[in-house]
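Peer 1: Before I ask anything, here is the structure I am working with.
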């Protein structure tokens, strides 16, 4: 059934892969929104479970849902495919294993339009699936911010984070600046600063309107060497983006704060990876590599490279460390 919404004000892009347990609730909460002029573009990323059937069920039932099918290419490719056909003036992203409050769209839309902003952000609950506990994200702010203020907060990654799904964007930020998501883990971090760099005004709503399901299959729960390397790449790409825009010196202190946070997180992820592999051998070597790479990308000399995730690996798996002399 084709999408029958003639001129949607908001397009919601949802990448879908192997989330049949959560997909019904995600779509139900979107269809229960108090704001109504929106379309949903659900991208079936070659899901092997019953997600395609669930999507077709919703597509038949609701006039504002379009389902796209593609071979499995990952979340970034699915988001990019959805963006390519989006028609709304504004753009939202929702992950298909999460869900939203009834006023999620209304409050974000009112905030972005009434303040003549380019981006509006809200906060979120961690929903711990196994225990059914909710925990509201604690580090919050509220207000209207200039590009410089918002980008500084984004780089500190606390009050405004590089999350794609708790925001509404003027879609032209992506289309007019050729911004898409790179195919890597931590793609949000690699992309958010590019979007914020083109926003004249950003507004933050101090309300938790999004429910982020914490489960064993999440990116951080399944951390490995490849994802740690992508985390470091994403942080490096932030520096490269700032250099290419000619504004790195304006945000150098904020970037250093981001680098320190990345370094500490990667230390933890390295230890977690080695512990899960039941081999701590080489963990110190990996941590030294992390620190060396972060120092390089936060160094005094300009970092010049294409905006790409094809930067060198830093961390090896415990198995690779056993095979290689470091």
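The values are calculated or read from the model by the stated rules, or taken from the named source; none is laboratory data. Just so it is clear, the model here is predicted, and its values are computed rather than measured. Because the Cβ atoms are built from the backbone with ideal geometry, glycine has one as well, and the counts that use them run over all protein chains shown.
Peer 1: For residues that are touching a helix residue (DSSP H, G or I) at 6+ places or on another chain (Cβ under 6 Å) and farther than 26 Å from residue 122 by Cβ, tally how many sit in the stretch 71-92.
Peer 2: Result for the stretch 71-92: 0.
Peer 1: If you don't mind, another one. Identify, from the list 232, 223, the residue that is closer than 21 Å to residue 267 by Cα and at pLDDT 95 or above.
Peer 2: After ruling out the rest, the residue left standing is 232.
Peer 1: Follow-up. Taking interchain pairs and intrachain pairs at least six residues apart, which have beta carbon atoms under 9 angstrom, with the first residue in the stretch 101-121 and within 18 Å of residue 164 (Cβ to Cβ) and the second in a helix (DSSP H, G or I) and modelled with pLDDT under 95?
Peer 2: Between residues of the stretch 101-121 that are within 18 Å of residue 164 (Cβ to Cβ) and residues that are in a helix (DSSP H, G or I) and modelled with pLDDT under 95, there is no close pair.
Every residue, every condition in (1) in contact with a strand residue (DSSP E or B) (Cβ under 6 Å, 6 or more places away or on another chain); (2) at pLDDT 95 or above; (3) surrounded by 22 or more Cβ atoms within 10 Å (Cβ to Cβ), yes or no:
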site: 150; (1), (2), (3): yes, yes, yes
site: 164; (1), (2), (3): yes, yes, yes
site: 175; (1), (2), (3): no, yes, no
site: 208; (1), (2), (3): yes, yes, no
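Peer 1: Having 3 or more residues that are within 30 Å of residue 19 (Cα to Cα) and under 22 Å from the mean Cα position of the chain (by Cα) is the bar; report the helices (runs of 4 or more DSSP H) wholly within the stretch 216-307 that clear it.
Peer 2: By residue number, 225-244, 252-276.
Okay, residues lined up against (1) in contact with a helix residue (DSSP H, G or I) (Cβ under 8 Å, 6 or more places away or on another chain); (2) more than 26 Å from residue 239 (Cα to Cα):
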{"site": "116", "(1), (2)": "no, yes"}
{"site": "122", "(1), (2)": "yes, no"}
{"site": "130", "(1), (2)": "no, yes"}
{"site": "139", "(1), (2)": "no, no"}
{"site": "150", "(1), (2)": "yes, no"}
{"site": "153", "(1), (2)": "no, no"}
{"site": "156", "(1), (2)": "yes, no"}
{"site": "160", "(1), (2)": "yes, no"}
{"site": "163", "(1), (2)": "yes, no"}
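Peer 1: Looking at (1) surrounded by fewer than 20 Cβ atoms within 10 Å (Cβ to Cβ); (2) touching a residue at least 40 places away in the same chain (Cβ under 8 Å), which one does residue 139 not meet, given that it meets all the others?
Peer 2: (2)
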